[in-house]
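Participant: If you scroll down you'll find the structure; I have some questions about it.
The values are calculated or read from the model by the stated rules, or taken from the named source; none is laboratory data. All values derive from a computational prediction rather than experimental measurement. In this analysis, Cβ positions are derived from the backbone assuming ideal geometry, glycine residues included, and neighbour counts consider all displayed protein chains. Heads up: the accessible areas ignore ligands, DNA and RNA and are worked out on the full protein's heavy atoms, side chains in. Shrake-Rupley method; radii C 1.70, N 1.55, O 1.52, S 1.80 Å.
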Amino acid sequence: MARPRVHSTEPTPDRAYLVAAETPGQLLRARDSLTELAELARTAGAVVVGAATQRLDHPNPATYIGKGKLQQVIEESRALGANVVIFDDELSPSQQRNLERAIGLKVIDRTALILDIFATRARTREGRLQVELAQMEYLLPRLAGQWSHLERLEGAIGTRGPGETQLETDRRLVRNRIAKIKRDLEVVRRQRALYRRLRQRRGVPVVALVGYTNAGKSTLMSALSGANAHAEDKLFATLDPLTRRLRLPSGEVVLLTDTVGFIQKLPAQLVAAFRATLEELEDADLLLHVVDISHPHAVQHVQTVIATLEGLGLAEKPALLVLNKVDRLLMPDGTATSRWEDVGDALHHRGVAVERAVPVSALHGWNLPTLLRRVEAGLDGDAPAAREAVLAILGAADRSPAAV
Ligand SMILES: Nc1nc2c(ncn2[C@@H]2O[C@H](COP(=O)(O)OP(=O)(O)OP(=O)(O)O)[C@@H](O)[C@H]2O)c(=O)[nH]1
Ligand SMILES: [Mg+2]
(Lines give C-alpha, C1' and ligand atoms only; values in the text may rest on other atoms or scores of the structure.)
(Ligands and ions follow the chains in the order given, each with its own letter.)
Protein backbone atom coordinates (compact mmCIF):
# COMPACT_ATOMS: atom_id res chain seq x y z
CA MET A 1 0.00 0.00 0.00
CA ALA A 2 1.33 3.41 -0.90
CA ARG A 3 2.13 5.57 2.06
CA PRO A 4 0.06 8.74 2.28
CA ARG A 5 1.98 11.76 1.11
CA VAL A 6 2.77 14.02 3.97
CA HIS A 7 3.54 17.60 3.29
CA SER A 8 6.95 18.32 4.70
CA THR A 9 9.56 21.00 4.62
CA GLU A 10 12.17 18.53 3.41
CA PRO A 11 13.56 19.34 -0.02
CA THR A 12 12.09 17.20 -2.81
CA PRO A 13 14.39 14.23 -3.25
CA ASP A 14 16.53 13.92 -6.35
CA ARG A 15 15.08 11.64 -8.99
CA ALA A 16 17.98 9.51 -10.09
CA TYR A 17 18.47 7.48 -13.25
CA LEU A 18 21.30 4.96 -12.89
CA VAL A 19 23.75 3.69 -15.50
CA ALA A 20 26.15 0.77 -15.05
CA ALA A 21 28.52 -0.83 -17.52
CA GLU A 22 29.80 -4.37 -17.28
CA THR A 23 33.48 -4.40 -18.14
CA PRO A 24 35.74 -7.47 -18.02
CA GLY A 25 37.35 -8.15 -14.67
CA GLN A 26 34.60 -6.52 -12.66
CA LEU A 27 33.66 -8.30 -9.47
CA LEU A 28 29.92 -7.89 -9.73
CA ARG A 29 27.60 -8.23 -12.72
CA ALA A 30 26.33 -4.85 -13.87
CA ARG A 31 22.86 -5.65 -12.61
CA ASP A 32 24.15 -6.53 -9.15
CA SER A 33 26.45 -3.54 -8.98
CA LEU A 34 23.43 -1.47 -9.93
CA THR A 35 21.49 -2.83 -6.97
CA GLU A 36 24.28 -1.57 -4.75
CA LEU A 37 24.41 1.78 -6.55
CA ALA A 38 20.65 2.10 -5.96
CA GLU A 39 21.25 1.52 -2.25
CA LEU A 40 23.93 4.19 -2.26
CA ALA A 41 21.58 6.57 -4.09
CA ARG A 42 18.82 5.95 -1.56
CA THR A 43 21.27 6.41 1.29
CA ALA A 44 22.11 9.79 -0.24
CA GLY A 45 18.39 10.62 -0.19
CA ALA A 46 17.52 10.13 -3.86
CA VAL A 47 14.64 8.23 -5.41
CA VAL A 48 15.67 5.82 -8.15
CA VAL A 49 13.37 6.18 -11.17
CA GLY A 50 15.12 3.97 -13.71
CA ALA A 51 18.35 2.35 -14.84
CA ALA A 52 20.29 1.08 -17.81
CA THR A 53 23.20 -1.34 -18.17
CA GLN A 54 25.59 -2.04 -20.99
CA ARG A 55 28.25 -4.66 -21.57
CA LEU A 56 31.50 -3.05 -22.68
CA ASP A 57 35.00 -4.30 -23.45
CA HIS A 58 36.27 -0.92 -22.43
CA PRO A 59 34.49 2.33 -21.67
CA ASN A 60 34.11 4.88 -24.46
CA PRO A 61 36.76 7.54 -23.73
CA ALA A 62 34.38 10.38 -24.61
CA THR A 63 31.05 9.25 -23.18
CA TYR A 64 31.79 6.15 -21.10
CA ILE A 65 28.85 4.26 -22.69
CA GLY A 66 28.30 3.76 -26.42
CA LYS A 67 26.29 6.04 -28.70
CA GLY A 68 23.16 3.92 -28.94
CA LYS A 69 23.05 3.36 -25.17
CA LEU A 70 23.54 7.06 -24.58
CA GLN A 71 20.52 7.78 -26.77
CA GLN A 72 18.48 5.35 -24.67
CA VAL A 73 19.67 7.00 -21.46
CA ILE A 74 18.76 10.44 -22.80
CA GLU A 75 15.25 9.37 -23.77
CA GLU A 76 14.46 7.26 -20.73
CA SER A 77 15.85 9.60 -18.11
CA ARG A 78 13.76 12.43 -19.51
CA ALA A 79 10.63 10.31 -19.90
CA LEU A 80 10.94 9.21 -16.28
CA GLY A 81 11.40 12.76 -15.04
CA ALA A 82 14.90 12.22 -13.67
CA ASN A 83 16.91 15.26 -12.66
CA VAL A 84 20.20 13.48 -12.11
CA VAL A 85 21.96 10.61 -13.88
CA ILE A 86 24.37 8.55 -11.78
CA PHE A 87 27.11 6.42 -13.36
CA ASP A 88 28.34 3.35 -11.49
CA ASP A 89 32.01 4.11 -12.05
CA GLU A 90 34.38 7.01 -11.80
CA LEU A 91 33.98 9.20 -14.90
CA SER A 92 36.87 11.24 -16.25
CA PRO A 93 36.28 15.00 -16.05
CA SER A 94 35.75 15.17 -19.83
CA GLN A 95 33.37 12.20 -19.86
CA GLN A 96 31.30 13.86 -17.20
CA ARG A 97 31.24 17.11 -19.15
CA ASN A 98 30.31 15.43 -22.43
CA LEU A 99 27.57 13.41 -20.76
CA GLU A 100 26.06 16.44 -19.05
CA ARG A 101 25.99 18.24 -22.35
CA ALA A 102 24.42 15.32 -24.20
CA ILE A 103 21.85 14.38 -21.56
CA GLY A 104 21.04 17.90 -20.41
CA LEU A 105 20.84 16.76 -16.77
CA LYS A 106 23.22 16.78 -13.84
CA VAL A 107 25.60 13.83 -14.19
CA ILE A 108 27.50 12.42 -11.21
CA ASP A 109 29.55 9.29 -10.76
CA ARG A 110 29.81 6.64 -8.07
CA THR A 111 32.76 8.40 -6.47
CA ALA A 112 30.91 11.70 -6.10
CA LEU A 113 27.92 9.83 -4.66
CA ILE A 114 30.03 8.05 -2.05
CA LEU A 115 31.82 11.29 -1.19
CA ASP A 116 28.42 12.92 -0.74
CA ILE A 117 27.29 10.20 1.67
CA PHE A 118 30.53 10.45 3.60
CA ALA A 119 30.10 14.21 3.84
CA THR A 120 26.69 13.86 5.47
CA ARG A 121 27.99 11.13 7.80
CA ALA A 122 31.20 12.67 9.12
CA ARG A 123 30.75 13.72 12.74
CA THR A 124 34.15 14.37 14.26
CA ARG A 125 36.46 17.13 13.18
CA GLU A 126 38.92 14.57 11.88
CA GLY A 127 36.23 12.78 9.88
CA ARG A 128 35.08 16.03 8.36
CA LEU A 129 38.63 17.00 7.43
CA GLN A 130 39.22 13.64 5.82
CA VAL A 131 36.05 13.84 3.75
CA GLU A 132 36.74 17.41 2.72
CA LEU A 133 40.23 16.45 1.62
CA ALA A 134 38.83 13.65 -0.54
CA GLN A 135 36.23 16.02 -2.01
CA MET A 136 38.80 18.66 -2.84
CA GLU A 137 41.10 16.11 -4.49
CA TYR A 138 38.15 14.93 -6.54
CA LEU A 139 37.14 18.48 -7.44
CA LEU A 140 40.54 19.80 -8.50
CA PRO A 141 40.82 18.15 -11.93
CA ARG A 142 37.14 18.86 -12.53
CA LEU A 143 37.26 22.60 -11.95
CA ALA A 144 38.06 23.31 -15.60
CA GLY A 145 34.76 21.91 -16.78
CA GLN A 146 32.76 24.18 -14.57
CA TRP A 147 34.14 27.20 -16.31
CA SER A 148 34.20 25.99 -19.89
CA HIS A 149 30.63 27.12 -20.49
CA LEU A 150 31.56 30.58 -19.26
CA GLU A 151 34.49 30.75 -21.60
CA ARG A 152 32.21 29.80 -24.47
CA LEU A 153 29.74 32.50 -23.52
CA GLU A 154 32.44 35.08 -23.49
CA GLY A 155 33.36 34.14 -27.04
CA ALA A 156 36.86 34.15 -28.44
CA ILE A 157 38.61 35.44 -25.41
CA GLY A 158 41.78 33.50 -25.93
CA THR A 159 43.55 31.39 -23.43
CA ARG A 160 44.10 34.07 -20.79
CA GLY A 161 40.56 35.48 -20.66
CA PRO A 162 38.59 36.15 -17.47
CA GLY A 163 37.24 32.60 -17.38
CA GLU A 164 40.74 31.21 -17.34
CA THR A 165 41.87 33.65 -14.66
CA GLN A 166 38.92 32.69 -12.50
CA LEU A 167 39.78 29.06 -13.05
CA GLU A 168 43.34 29.60 -11.95
CA THR A 169 42.19 31.48 -8.86
CA ASP A 170 39.83 28.65 -8.03
CA ARG A 171 42.52 26.07 -8.51
CA ARG A 172 44.87 27.98 -6.27
CA LEU A 173 42.19 28.27 -3.57
CA VAL A 174 41.47 24.57 -3.71
CA ARG A 175 45.19 23.71 -3.61
CA ASN A 176 45.71 25.96 -0.61
CA ARG A 177 42.78 24.36 1.15
CA ILE A 178 44.15 20.88 0.41
CA ALA A 179 47.52 21.85 1.83
CA LYS A 180 45.88 23.27 4.97
CA ILE A 181 43.73 20.17 5.55
CA LYS A 182 46.75 17.92 5.08
CA ARG A 183 48.65 19.89 7.72
CA ASP A 184 45.74 19.65 10.15
CA LEU A 185 45.39 15.92 9.53
CA GLU A 186 49.10 15.43 10.05
CA VAL A 187 48.68 16.82 13.58
CA VAL A 188 45.87 14.35 14.20
CA ARG A 189 48.00 11.51 12.85
CA ARG A 190 50.86 12.36 15.17
CA GLN A 191 48.52 12.45 18.16
CA ARG A 192 47.14 9.07 17.19
CA ALA A 193 50.62 7.63 16.78
CA LEU A 194 51.58 8.92 20.21
CA TYR A 195 48.47 7.43 21.76
CA ARG A 196 49.15 4.13 20.03
CA ARG A 197 52.71 3.97 21.36
CA LEU A 198 51.42 4.56 24.89
CA ARG A 199 48.88 1.81 24.40
CA GLN A 200 51.52 -0.58 23.10
CA ARG A 201 53.76 0.16 26.04
CA ARG A 202 50.92 -0.81 28.32
CA GLY A 203 50.59 -4.00 26.28
CA VAL A 204 46.85 -3.83 25.70
CA PRO A 205 46.00 -5.98 22.66
CA VAL A 206 43.89 -4.37 19.96
CA VAL A 207 41.14 -6.21 18.09
CA ALA A 208 39.71 -4.41 15.06
CA LEU A 209 36.43 -4.96 13.25
CA VAL A 210 36.67 -4.79 9.48
CA GLY A 211 34.23 -5.68 6.72
CA TYR A 212 31.95 -4.61 3.97
CA THR A 213 29.62 -1.73 4.73
CA ASN A 214 26.41 -2.83 6.45
CA ALA A 215 27.87 -6.21 7.50
CA GLY A 216 26.99 -5.51 11.14
CA LYS A 217 30.33 -4.37 12.58
CA SER A 218 28.83 -1.69 14.82
CA THR A 219 26.05 -3.99 15.96
CA LEU A 220 28.66 -6.58 16.91
CA MET A 221 30.71 -3.90 18.66
CA SER A 222 27.69 -2.96 20.77
CA ALA A 223 26.76 -6.57 21.47
CA LEU A 224 30.28 -7.47 22.60
CA SER A 225 31.29 -4.42 24.54
CA GLY A 226 28.00 -2.88 25.58
CA ALA A 227 29.12 0.27 23.80
CA ASN A 228 26.46 2.14 21.98
CA ALA A 229 28.00 2.04 18.52
CA HIS A 230 25.81 3.64 15.91
CA ALA A 231 24.23 0.93 13.75
CA GLU A 232 21.89 1.59 10.90
CA ASP A 233 20.53 -0.21 7.86
CA LYS A 234 22.28 2.23 5.59
CA LEU A 235 25.60 2.14 3.81
CA PHE A 236 28.47 3.81 5.65
CA ALA A 237 26.69 4.30 8.95
CA THR A 238 30.09 4.44 10.64
CA LEU A 239 32.85 6.82 9.59
CA ASP A 240 34.78 7.60 12.70
CA PRO A 241 36.61 4.86 14.52
CA LEU A 242 35.29 3.99 17.95
CA THR A 243 37.31 2.08 20.51
CA ARG A 244 35.97 0.32 23.60
CA ARG A 245 37.34 -1.96 26.27
CA LEU A 246 36.33 -5.56 26.04
CA ARG A 247 36.83 -8.20 28.73
CA LEU A 248 37.62 -11.70 27.48
CA PRO A 249 36.51 -14.88 29.34
CA SER A 250 40.01 -15.19 30.81
CA GLY A 251 39.59 -11.77 32.38
CA GLU A 252 42.08 -10.14 30.04
CA VAL A 253 41.05 -6.71 28.78
CA VAL A 254 41.52 -5.82 25.10
CA LEU A 255 40.58 -2.83 23.01
CA LEU A 256 37.93 -3.32 20.34
CA THR A 257 37.89 -0.86 17.43
CA ASP A 258 35.05 -0.30 14.98
CA THR A 259 35.98 1.18 11.58
CA VAL A 260 34.56 2.52 8.37
CA GLY A 261 33.14 -0.17 6.09
CA PHE A 262 34.57 -1.08 2.70
CA ILE A 263 32.77 -1.23 -0.63
CA GLN A 264 33.72 -2.28 -4.14
CA LYS A 265 35.20 0.59 -6.17
CA LEU A 266 35.93 2.55 -3.00
CA PRO A 267 37.24 5.90 -4.25
CA ALA A 268 41.01 6.11 -4.05
CA GLN A 269 40.73 9.66 -2.68
CA LEU A 270 38.79 8.32 0.28
CA VAL A 271 41.24 5.55 1.08
CA ALA A 272 44.04 8.13 0.97
CA ALA A 273 42.12 10.65 3.03
CA PHE A 274 41.17 8.06 5.64
CA ARG A 275 44.76 7.00 6.09
CA ALA A 276 44.91 8.24 9.66
CA THR A 277 41.75 6.31 10.56
CA LEU A 278 42.83 3.20 8.73
CA GLU A 279 46.21 3.32 10.43
CA GLU A 280 44.34 2.22 13.53
CA LEU A 281 44.12 -1.13 11.79
CA GLU A 282 47.86 -1.29 11.31
CA ASP A 283 48.65 -2.10 14.90
CA ALA A 284 45.66 -4.30 15.51
CA ASP A 285 46.75 -7.65 16.87
CA LEU A 286 43.72 -9.40 15.45
CA LEU A 287 41.15 -8.50 12.80
CA LEU A 288 37.55 -9.63 13.01
CA HIS A 289 36.41 -9.76 9.41
CA VAL A 290 32.64 -9.45 9.68
CA VAL A 291 30.56 -10.78 6.77
CA ASP A 292 26.83 -10.54 6.25
CA ILE A 293 26.49 -14.20 5.32
CA SER A 294 22.82 -13.69 4.45
CA HIS A 295 23.72 -11.29 1.63
CA PRO A 296 23.49 -12.76 -1.88
CA HIS A 297 26.92 -11.30 -2.69
CA ALA A 298 28.67 -12.27 0.53
CA VAL A 299 31.49 -13.89 -1.47
CA GLN A 300 32.11 -10.77 -3.56
CA HIS A 301 32.01 -8.67 -0.39
CA VAL A 302 34.68 -10.84 1.17
CA GLN A 303 36.82 -10.55 -1.98
CA THR A 304 36.46 -6.77 -1.92
CA VAL A 305 37.47 -6.59 1.72
CA ILE A 306 40.55 -8.74 1.11
CA ALA A 307 41.53 -6.63 -1.91
CA THR A 308 41.17 -3.47 0.19
CA LEU A 309 43.19 -4.99 3.05
CA GLU A 310 45.84 -5.96 0.50
CA GLY A 311 45.93 -2.38 -0.72
CA LEU A 312 46.49 -1.26 2.86
CA GLY A 313 49.20 -3.86 3.42
CA LEU A 314 47.08 -5.68 6.02
CA ALA A 315 46.24 -8.97 4.32
CA GLU A 316 48.76 -10.85 6.44
CA LYS A 317 47.28 -9.75 9.76
CA PRO A 318 45.81 -12.58 11.82
CA ALA A 319 42.06 -12.63 11.33
CA LEU A 320 38.88 -14.44 12.25
CA LEU A 321 36.09 -14.68 9.72
CA VAL A 322 32.86 -13.81 11.53
CA LEU A 323 29.73 -14.90 9.68
CA ASN A 324 27.09 -12.50 10.90
CA LYS A 325 23.30 -12.35 10.48
CA VAL A 326 22.95 -16.14 10.55
CA ASP A 327 19.49 -15.58 12.03
CA ARG A 328 18.44 -14.51 8.55
CA LEU A 329 19.38 -17.87 7.13
CA LEU A 330 16.69 -19.36 9.30
CA MET A 331 14.08 -16.69 9.40
CA PRO A 332 14.06 -14.49 6.34
CA ASP A 333 11.16 -12.49 7.77
CA GLY A 334 13.27 -11.55 10.78
CA THR A 335 11.10 -13.24 13.41
CA ALA A 336 13.61 -14.68 15.80
CA THR A 337 13.40 -17.73 17.93
CA SER A 338 16.51 -19.61 18.82
CA ARG A 339 17.07 -22.56 16.49
CA TRP A 340 20.80 -22.44 16.74
CA GLU A 341 21.29 -26.09 15.83
CA ASP A 342 19.95 -25.41 12.34
CA VAL A 343 22.53 -22.73 11.60
CA GLY A 344 25.40 -25.15 11.05
CA ASP A 345 23.28 -27.13 8.60
CA ALA A 346 22.21 -24.01 6.73
CA LEU A 347 25.81 -22.86 6.35
CA HIS A 348 27.08 -26.30 5.45
CA HIS A 349 24.38 -26.51 2.82
CA ARG A 350 25.80 -23.36 1.29
CA GLY A 351 29.25 -24.84 1.12
CA VAL A 352 30.73 -22.76 3.91
CA ALA A 353 33.52 -24.35 5.93
CA VAL A 354 31.79 -23.56 9.21
CA GLU A 355 34.55 -24.92 11.40
CA ARG A 356 36.98 -22.35 9.97
CA ALA A 357 34.74 -19.39 10.69
CA VAL A 358 32.59 -18.18 13.57
CA PRO A 359 28.87 -17.94 12.86
CA VAL A 360 27.08 -15.35 14.98
CA SER A 361 24.06 -13.14 15.09
CA ALA A 362 25.14 -9.81 16.48
CA LEU A 363 21.54 -8.67 16.58
CA HIS A 364 20.34 -11.62 18.68
CA GLY A 365 23.57 -12.13 20.58
CA TRP A 366 23.99 -15.69 19.30
CA ASN A 367 27.27 -17.52 19.79
CA LEU A 368 29.13 -14.53 21.18
CA PRO A 369 30.78 -16.55 23.99
CA THR A 370 32.28 -18.80 21.28
CA LEU A 371 33.48 -15.75 19.40
CA LEU A 372 35.15 -14.40 22.52
CA ARG A 373 36.93 -17.72 23.09
CA ARG A 374 38.11 -17.69 19.48
CA VAL A 375 39.32 -14.11 19.93
CA GLU A 376 41.34 -15.26 22.90
CA ALA A 377 42.87 -18.14 20.94
CA GLY A 378 43.47 -15.81 18.01
CA LEU A 379 45.39 -13.39 20.19
CA ASP A 380 47.45 -16.36 21.36
CA GLY A 381 48.53 -16.94 17.77
CA ASP A 382 45.84 -19.36 16.67
CA ALA A 383 44.40 -17.37 13.76
CA PRO A 384 45.22 -17.53 10.06
CA ALA A 385 46.25 -14.51 7.97
CA ALA A 386 43.29 -12.39 6.81
CA ARG A 387 43.95 -13.57 3.25
CA GLU A 388 43.55 -17.20 4.30
CA ALA A 389 40.73 -16.75 6.77
CA VAL A 390 38.34 -16.00 3.94
CA LEU A 391 38.95 -19.34 2.24
CA ALA A 392 36.27 -20.73 4.53
CA ILE A 393 33.70 -18.98 2.40
CA LEU A 394 35.51 -18.64 -0.93
CA GLY A 395 35.37 -22.42 -1.22
CA ALA A 396 31.62 -21.99 -1.28
CA ALA A 397 31.92 -19.83 -4.39
CA ASP A 398 33.72 -22.60 -6.25
CA ARG A 399 31.22 -25.22 -5.36
CA SER A 400 27.98 -23.33 -5.88
CA PRO A 401 28.18 -19.75 -7.08
CA ALA A 402 24.44 -19.27 -6.83
CA ALA A 403 24.09 -20.63 -3.31
CA VAL A 404 25.88 -18.01 -1.28
N1 LIG B 1 19.08 -9.81 11.02
C2 LIG B 1 20.23 -9.30 11.47
N3 LIG B 1 20.51 -8.01 11.24
C4 LIG B 1 21.69 -7.51 11.70
C5 LIG B 1 22.61 -8.31 12.43
N6 LIG B 1 23.68 -7.53 12.71
C7 LIG B 1 23.44 -6.31 12.21
N8 LIG B 1 22.24 -6.28 11.60
C9 LIG B 1 21.60 -5.13 10.94
O10 LIG B 1 22.38 -4.76 9.81
C11 LIG B 1 22.36 -3.34 9.63
C12 LIG B 1 23.76 -2.79 9.55
O13 LIG B 1 24.38 -2.94 10.79
P14 LIG B 1 25.63 -2.04 11.24
O15 LIG B 1 26.07 -2.60 12.55
O16 LIG B 1 25.29 -0.60 11.14
O17 LIG B 1 26.66 -2.42 10.09
P18 LIG B 1 28.14 -1.85 9.89
O19 LIG B 1 28.95 -3.00 9.40
O20 LIG B 1 28.60 -1.16 11.11
O21 LIG B 1 27.89 -0.84 8.68
P22 LIG B 1 28.75 0.48 8.26
O23 LIG B 1 29.05 1.26 9.49
O24 LIG B 1 27.80 1.12 7.34
O25 LIG B 1 29.98 -0.03 7.55
C26 LIG B 1 21.56 -2.79 10.81
O27 LIG B 1 20.23 -2.56 10.36
C28 LIG B 1 21.60 -3.90 11.83
O29 LIG B 1 20.48 -3.93 12.69
C30 LIG B 1 22.26 -9.68 12.68
O31 LIG B 1 22.98 -10.45 13.30
N32 LIG B 1 21.07 -10.10 12.17
MG1 LIG C 1 29.19 0.71 11.39
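Participant: For region 345-370, which positions are in contact with an Asp or Glu (Cβ under 9 Å, 6 or more places away or on another chain), small (G, A, S) and within 14 Å of ligand 1 (Cβ to nearest atom)?
Facilitator: Within region 345-370, S361 is the sole residue that qualifies.
Participant: Let me ask something additional. Give region 1-32 a look and list any residue that's modelled with pLDDT of 90 or more and more than 23 Å from G81 (Cβ to Cβ), or say none.
Facilitator: A21, E22
Participant: Which condition number does I86 fail, the rest of (1) surrounded by fewer than 16 Cβ atoms within 10 Å (Cβ to Cβ); (2) part of a strand (DSSP E or B) being met?
Facilitator: The failed condition is (1).
Participant: May I ask you to list the residues in region 237-246 that are at pLDDT 85 or above and either near ligand 2 (Cβ under 10 Å from one of its atoms) or exposed (fewer than 13 other Cβ atoms within 10 Å of the Cβ) (or both)?
Facilitator: Result: R245, single match.
Participant: Going through K217, K234 one at a time, which residue ends up being on the phi < 0 side of the Ramachandran plot, among the basic types (K, R) and at pLDDT below 85? Steps first, please.
Facilitator: Numbers: K217 fails: at pLDDT below 85.
Of the residues listed, the single one that is on the phi < 0 side of the Ramachandran plot, among the basic types (K, R) and at pLDDT below 85 is K234.
Participant: Please identify the pairs in which a residue from region 358-383 that is more than 15 Å from M221 (Cβ to Cβ) has its Cβ atom under 8 Å from the Cβ atom of a residue that is away from ligand 1 (no atom under 16 Å from the Cβ) and among the polar types (S, T, N, Q), counting only partners at least 6 apart or on another chain.
Facilitator: E376/S250
Participant: Check whether at least one residue in region 40-57 is among the polar types (S, T, N, Q), modelled with pLDDT under 90 and over 18 Å from the mean Cα position of the chain (by Cα), and report yes or no.
Facilitator: No - not one qualifying residue is present in region 40-57.
Participant: Just need a number here: residues in region 190-233 that are exposed (fewer than 15 other Cβ atoms within 10 Å of the Cβ) and assigned to a helix (DSSP H, G or I).
Facilitator: Summing the residues that are exposed (fewer than 15 other Cβ atoms within 10 Å of the Cβ) and assigned to a helix (DSSP H, G or I) in region 190-233 gives 10.
Participant: Return the residues of region 58-68 that are under 21 Å from A112 (Cβ atoms) and either open to solvent by less than 30 Å² (accessible area, probe 1.4 Å) or out of contact with any helix residue (DSSP H, G or I) (no Cβ under 6 Å at 6 or more places or on another chain) (or both); say none if nothing qualifies.
Facilitator: Those that are under 21 Å from A112 (Cβ atoms) and either open to solvent by less than 30 Å² (accessible area, probe 1.4 Å) or out of contact with any helix residue (DSSP H, G or I) (no Cβ under 6 Å at 6 or more places or on another chain) (or both): P59, N60, P61, T63, Y64, I65.
Participant: In region 168-216, how many residues are closer than 30 Å to L371 by Cα and away from ligand 1 (no atom under 16 Å from the Cβ)?
Facilitator: Result for region 168-216: 14.
Participant: Let me ask something else. Does region 94-120 hold any residues that are open to solvent by 40 Å² or more (accessible area, probe 1.4 Å), not hydrophobic (A, V, I, L, M, F, W, C) and not in a strand (DSSP E or B), and which are they?
Facilitator: Selection gives S94, R97, N98, E100, R101, G104, D116, T120.
Participant: Restricting attention to region 23-38, does a residue exist that is farther than 28 Å from E232 by Cβ, open to solvent by less than 60 Å² (accessible area, probe 1.4 Å) and touching a His at 6+ places or on another chain (Cβ under 9 Å)?
Facilitator: yes
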